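Inspection log for the structure reproduced underneath, given as structure tokens.
The values are calculated or read from the model by the stated rules, or taken from the named source; none is laboratory data. Model, not experiment: these values are computed from the prediction. With ideal geometry, Cβ positions are generated from the backbone for all residues, glycine too; neighbour counts draw on all protein chains shown.
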Amino acid sequence: MITSTLKILSEADKEACELVKVSEEELTVDKKRLFIESYGCQMNFSDSEIVAAVMRNADFATTSSEDNADVIFLNTCAIRDNAEQKVRNRLQYLNNLKKKRPGLIIGVLGCMAERLKTKLLDEEKMVDIVAGPDSYRDLPRLVEEAETGQKAVNVFLSREETYADISPIRLNSNGITAYISIMRGCDNMCSFCVVPYTRGRERSRDPFSIVEEARLLFADGYKEVTLLGQNVDSYKWKNETEKSAEPAQMVNFAQLLEMVALIHPDLRVRFSTSHPKDITDDVLWTMKKYENICNYIHFPAQSGNSRVLKVMNRTYDREWYIQKIDRIREILGEDCGISTDMITGFCTETEEEHQDTLSLMEYVKYDYAYMFAYSERPGTPAAKKLKDDVPEEVKKRRLQEVIALQRQHSSERNELALGKIQKVLVEGPSKRSDADLCGRNDQNKVVIFPREHYKKGDYVYVLVTECSSATLIGKAVEAVPA
Ligand code: SAM
Ligand code: SF4
């Protein structure tokens, strides 16, 4: 093993590859212009690509500037109150724009639209269109209706819609990595969560349409796909349309993963999100079998305390979660990247129970975590039945403790890469310097290294020489590790 010294980088040295998600400028003169701005999760970014495809069929081209737009869509998130506040602030700004250009049409799409329905029209007077996540095929009609000066609403939630036949238009794409939605909705009813109410019942998309989308992306030069769903491990597709005497064809998530991995060894496959109650050994063995399925699992715990998990209705306890972590390590090794979501200050959470979250984090040593203070969402089981009784400052203090511990663990996990060679898929130039390239390793960690003769889309072996809690830094090496 090649050794090197550890250098902890300052905050200023940290880097991430993420982009702000607004639509791009399409070069055309005679089309109406659509500006889409997406908030929230990867699923929303993926949905905006479906929206762009639907609107292209209605003769709209996308624009990157709201000043050039005939129609502005905000694809919104309702998961926490601050996500909704962000959209409200943005709407205020757009209100001024609309005063100057009365013909401008403004639509609110996605989870906030579904949660508030027509109430949104009363609260935000200049909104013309309210469209829930299952109504995107109807957007051209809604726009036409709004053009006549009427308010247009479709918040119907479907049990079947998967947009399987729509080829998304990639927005803000680096041309290398893409998201593919494999299912929609969620049937889990975690007590804190608004998703089952805003995105409806769980449904899985036809696997052959998923494989075809991934195959076309690879043919277009993409090298990585992330399969998206709220709970990918419960993906289950049954060919109900076959009338033959043959038994119905079934595909589960492990089988789908294999089908996508087999497209080409140079197409990396990621997925998100795994639910601890549903992940199977079959999925873990499939990950181990294929080098191109990335050794990384987003595995949200939410809390480290069994009583809190019960109140959250997560349907597993601390011991079950730890057993699953042990199984991941057993099958995929210590190297497997694991990340989590954690909520602090959920209803009735005591100080000792918060300590259990910290001790679970100590046990797992996550590579990365998304951490939130609990935010009560109207209409959820928690809002109806439980008291939001942890004071805001306590939630925030606990959150700070979780964040500080995670930062330490992210650094520790990144330090394990020091002196080792990582296979990196290059996503583009580094944000800070054009002389450097930026990509990700198998475990989803951002890696930065001098450009030399390498380019976007290359797989490059990089010797890691420095790290922060967020980034690995190194130098390309020619030698392929044994
Ligand atoms: N389906 C994924 C799962 O089960 O882990 C999560 C999807 S949700 C869009 C993303 C994360 O937001 C959740 O894992 C949870 O940590 C957080 N979240 C959801 N509702 C929340 C709430 N009311 N307050 C704070 N965080 C919340
Ligand atoms: Fe929300 Fe739970 Fe469904 Fe995730 S699994 S989307 S947290 S209800």
Discussion item. Looking for something among the aromatic types (Phe, Trp, Tyr), more than 16 Å from ligand 2 (Cβ to nearest atom) and out of contact with any Cys (no Cβ under 6 Å at 6 or more places or on another chain) - is there at least one such residue anywhere in the stretch 277-285?
Written reply: yes
Discussion item. If I ask for residues that are more than 16 Å from ligand 1 (Cβ to nearest atom) and modelled with pLDDT of 90 or more, which ones from the stretch 19-47 would you list?
Written reply: Lys32, Arg33, Leu34, Phe35, Ile36, Glu37
Practice prompt. Please enumerate the residues belonging to the stretch 146-163 that are crowded, with 17+ Cβ neighbours inside 10 Å and part of a loop (DSSP other than H, G, I, E, B).
Written response: Val155, Leu157, Glu161, Thr162, Tyr163
Worksheet item: Residues in the stretch 430-482 that are in a strand (DSSP E or B), within 22 Å of the chain's Cα centre (by Cα) and closer than 16 Å to Thr177 by Cβ: how many?
Response: 5
Worksheet item: Among (1) touching a His at 6+ places or on another chain (Cβ under 7 Å); (2) of a type in the set (D, E, K, R); (3) under 30 Å from Thr118 (Cβ atoms), where does Asp233 come up short?
Response: (3)
Fill in: Of the criteria (1) at pLDDT 95 or above; (2) of a type in the set (Gly, Ala, Ser); (3) more than 16 Å from ligand 2 (Cβ to nearest atom); (4) within 26 Å of His264 (Cα to Cα), which one Ser158 fails
(4)
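Quick one: count up the residues across the stretch 180-201 that are more than 9 Å from ligand 2 (Cβ to nearest atom), of a type outside the set (Lys, Arg) and outside any loop (DSSP other than H, G, I, E, B).
Initially, the stretch 180-201 is screened for residues more than 9 Å from ligand 2 (Cβ to nearest atom), giving 180-184, 197-198, 200-201.
Filter once more, keeping what is of a type outside the set (Lys, Arg): 180-183, 197-198, 200.
Subsequent filtering for residues that are outside any loop (DSSP other than H, G, I, E, B) retains 180-181, 183, 197-198.
Counting residues in the stretch 180-201 that are more than 9 Å from ligand 2 (Cβ to nearest atom), of a type outside the set (Lys, Arg) and outside any loop (DSSP other than H, G, I, E, B) gives 5.
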Worksheet item: Within the set of pairs 6 or more residues apart or between chains, which connect a residue that is at positive phi inside the stretch 199-223 to a residue that is modelled with pLDDT of 95 or more and within 16 Å of ligand 2 (Cβ to nearest atom) with Cβ atoms less than 6 Å apart?
Response: Gly200/Leu157; Gly200/Gly185
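Which is surrounded by fewer than 19 Cβ atoms within 10 Å (Cβ to Cβ), among the hydrophobic types (A, V, I, L, M, F, W, C) and touching a Gly at 6+ places or on another chain (Cβ under 8 Å), of Val390, Val394, Val446? If you could, list the steps in order and put the result at the bottom.
Numbers: Val390 fails: surrounded by fewer than 19 Cβ atoms within 10 Å (Cβ to Cβ); Val446 fails: surrounded by fewer than 19 Cβ atoms within 10 Å (Cβ to Cβ).
After ruling out the rest, the residue left standing is Val394.
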